[in-house]
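Reading through the structure tokens given below for one structure.
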Amino acid sequence: MAAVLGSPLRTLRGLLRELRHASGREGRLYRDTPAYRHIVAAFRAHRVTGEKLCRAQQELHFQAATYLCLLRSVRQHRALHREYHGKGERSPEEVAGLVGFRLPQQPGGKG
């Protein structure tokens, strides 16, 4: 049974959105990158016309959807890594707050 991929246009737009995210920090237009030119050229070369229905278009769509999943996952991983890693030693109160807990209060105003 084949996986549901959605439309190729939606996959293309998602790939281009991820390219914008990836190149946005460098101040360089994502349309000037070799990756952008390659993706657009591949989608244009494998589009379905009225004369042919080619299997390569479905393969391209599957590979593009897989690559889109990879790009999104890498971006989300980096965001999580920036938020939770590399801040050095943390206090017990800060660690409890990260996971949604509060430390109990000590009687007599301590803690």
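The values are calculated or read from the model by the stated rules, or taken from the named source; none is laboratory data. No experiment lies behind these values; they were computed from the predicted model shown. To get the accessible areas, we keep the full protein, side chains included, count just its heavy atoms, and leave off ligands, DNA and RNA. Shrake-Rupley method; radii C 1.70, N 1.55, O 1.52, S 1.80 Å.
Of note:
- Solvent exposure ordering (accessible area, 1.4 Å, most first) of V74, V40: V74, V40
- One decimal place: the segment H21-L80 gains 19.7 nm when fully extended, by the rule 0.36 nm per residue minus the C-alpha distance.
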